[in-house]
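Shown next, in structure tokens, is the structure this report addresses.
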Amino acid sequence: MNNRLDYFKLSPQASNKLVELTLQLSKKPPLADLAHLIMLRASQLNGCAFCVDMHVKEAMIHGERELRLHHVAVWRESGLFSPVERAALEWTEALTQLPPHGISNSLYASALEQFSEQELSDLSFLIVAINGWNRLNVAFQAIPGSSDELFGLNKANLN
């Protein structure tokens, strides 16, 4: 299996801007503690094997428990997530799979119970970023694990 094309080489300025956006947002509180869960869930929903692989490895390197990573796909039925994490996962699902009539007032109000307006805005931009990565990697068939050495993901010892 080969990548269809290397969008990093073909569009380096755009790729680097998306990297910059993703890194900037994923370091901001409270996103620093939520980013791996958010990016993993969006990647699962979008069927992005490259990103699922990457975000599981990143989360493991940053100390996330393996069982919680398995439960991300079933977070609604799992008792392993805090109210803030659950709100972030719900917002991630809604923005990743936009409902036909948009985001409901009740979901928006629920998100604001856990996040300030600034935090919700930052969370939304992080979701936009991971959805962009997912679409690029799915379109160009990025190979899971192919960038492990480049991103230091071999430290996860999951190969």
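Each residue of the stretch 27-33 is assigned a 3J(HN,Hα), and the resulting list reads 9, 7, x, x, 5, 4, 7 Hz, derived from the Karplus form 6.51 cos²θ - 1.76 cosθ + 1.60 (θ = phi - 60°), x at Gly and Pro.
Within the stretch 1-90, all pairs of alpha-carbon atoms sorted by distance into 10 Å bins from zero give the percentages 15, 44, 29, 11, 1.
Taking Cα centre as origin and charging only the Cβ of basic (Lys, Arg, +1) and acidic (Asp, Glu, -1) residues, the dipole magnitude of the chain rounds to 320 debye.
Electrostatic bookkeeping for S110 treats Lys and Arg as +1 and Asp and Glu as -1; over the other residues with beta carbon under 11 Å from its beta carbon, the sum is -1. Taking every alpha-carbon pair under 8 Å whose residues sit at least 6 apart, the stretch 1-134 reaches a relative contact order of 34 percent. Residue by residue, the stretch 56-71 carries 3J(HN,Hα) couplings of 5, 5, 4, 4, 5, 4, 8, x, 5, 6, 4, 4, 5, 5, 5, 7 Hz when phi is fed to the Karplus relation 6.51 cos²θ - 1.76 cosθ + 1.60 (θ = phi - 60°); x denotes Gly or Pro. Run the reach check for K27 against aspartates and glutamates, Cα to Cα strictly under 18 Å, same-chain hits fewer than 8 apart removed. What comes back? Those aspartates and glutamates meeting the cut-off are E58, E64, E85, E117, E119, D122. Per-residue 3J(HN,Hα) values for the stretch 117-128, derived from phi via the Karplus relation 6.51 cos²θ - 1.76 cosθ + 1.60 with θ = phi - 60°, read 4, 4, 5, 5, 4, 4, 4, 5, 5, 5, 5, 4 Hz in sequence order (x marks Gly and Pro).
Considering only trypsin sites (Lys or Arg not before Pro) in DSSP loops that have at most 12 other Cβ atoms within 10 Å, the longest stretch of the chain without any of them is 66-159. Shape analysis of the stretch 1-48 places it in the oblate category; the axes a ≥ b ≥ c from the Cα gyration tensor give an a/c of at least 1.5, with a/b not above b/c. Between (1) -0.46, -0.62, -1.27, -1.36; (2) -0.43, -0.61, -1.41, -1.53; (3) -0.70, -0.84, -1.20, -1.28, which matches log10 I(q)/I(0) by the Debye sum over Cα atoms at q = 0.11, 0.13, 0.20, 0.21 Å⁻¹ calculated for the structure shown? Only one listed value fits the structure, namely (2).
Every number in this text was worked out from the coordinates using simple rules, so none of it is lab data. The structure presented is a predicted model; accordingly, all values stated were derived computationally and were not measured. As a convention, Cβ positions derive from the backbone with ideal geometry for all residues, glycine included, and neighbour counts pool all protein chains shown.
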